[in-house]
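A.B. asks: Quick one: structure below, then a few questions.
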Amino acid sequence: MVLLPLLLALPALAGPTPVPVPRLNGCPSGYHSSGDFCAPGSSARFAIERTGGCPSGYHTSGSYCVASRDDTPHAIVRSGSCPSGYTSSGGYCLEQRSSSARSSTGSRTSALKPQALPRDGGCPSGYHTSGDYCRPGSTARFAIPRTRGCPSGYHTSGNFCVATSSSARHAMPRSGSCPSGYHTSGDYCLSSR
């Protein structure tokens, strides 16, 4: 049958890149303790803090939900109705994907891929309002909630910090000391690579 070889030739759906998560009573599987964070190891999959049961495609690992496969869709904690492009799965919103979301290399999506964010006042530049969320448009860059100033390589856009370029380093709000592979940049941890 010709269809099977064609399906096998398609690149795999890319799942979200694992990034450090705040340490809560231990670390999820595939992660190790690093400062006040859990840093992903080479076999780690995307993890998110657990609030109740885990969303579809994720399994419980201590205080976290960990993607069960490399191609599991991105999940965010649900606040009200899910933004466009996401479906509800318990207390979470899961990114919907189609065949156009396939990666050309089959690798995970970049840690700097713009994702839906909980709305805080208005939305950052490049994003639009979708219920209680800010949904990235085609020109959006990676953004994080702003605490005070923005980390190096980011600029202020309302209550958010937006990456100044697609080559900016991954940033996350700092809670205590930064994990290995990250350094302090104001109130943030900024990837060293």
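A.B. asks: Residue pairs, Cβ under 8 Å, 6 or more apart or interchain, first in the range 71-97 and touching a residue at least 12 places away in the same chain (Cβ under 8 Å) and under 12 Å from GLN115 (Cα atoms), second among the charged types (D, E, K, R) and part of a loop (DSSP other than H, G, I, E, B). List them.
C.D. replies: Pairs that qualify, where the first residue is touching a residue at least 12 places away in the same chain (Cβ under 8 Å) and under 12 Å from GLN115 (Cα atoms) and the partner is among the charged types (D, E, K, R) and part of a loop (DSSP other than H, G, I, E, B), are PRO73/ARG97; PRO83/ASP132; CYS93/ARG78.
A.B. asks: Return yes when SER175 is under 23 Å from GLY85 (Cα atoms) and either in contact (Cβ under 8 Å) with a residue 60 or more places away in the chain or assigned to a loop (DSSP other than H, G, I, E, B) (or both) and no when it is not.
C.D. replies: For SER175, the condition - under 23 Å from GLY85 (Cα atoms) and either in contact (Cβ under 8 Å) with a residue 60 or more places away in the chain or assigned to a loop (DSSP other than H, G, I, E, B) (or both) - is not met.
A.B. asks: Residue by residue through the range 114-167, note down the ones that are among the β-branched types (Val, Ile, Thr) and over 18 Å from LEU94 (Cα atoms).
C.D. replies: THR139, ILE144, THR147, THR156, VAL162, THR164, listed by residue number.
A.B. asks: Let me ask something else. Quick check on my filter: what residues within the range 61-95 are part of a strand (DSSP E or B), buried (at least 16 other Cβ atoms within 10 Å of the Cβ) and not charged (D, E, K, R)?
C.D. replies: Those that are part of a strand (DSSP E or B), buried (at least 16 other Cβ atoms within 10 Å of the Cβ) and not charged (D, E, K, R): SER61, TYR64, CYS65, VAL66, ALA67, ALA75, ILE76, TYR86, SER89, TYR92, CYS93, LEU94.
A.B. asks: Are any residues in the range 38-55 exposed (fewer than 15 other Cβ atoms within 10 Å of the Cβ), in contact (Cβ under 8 Å) with a residue 24 or more places away in the chain and assigned to a loop (DSSP other than H, G, I, E, B), and if so, which ones?
C.D. replies: Residues satisfying the conditions are THR51, GLY52, GLY53.
Rule-based calculations on the coordinates, nothing more; no lab input. The structure displayed is predicted, hence computed values, not measured ones. Cβ: placed from backbone, ideal geometry, glycine included. Neighbour counts: every protein chain shown.
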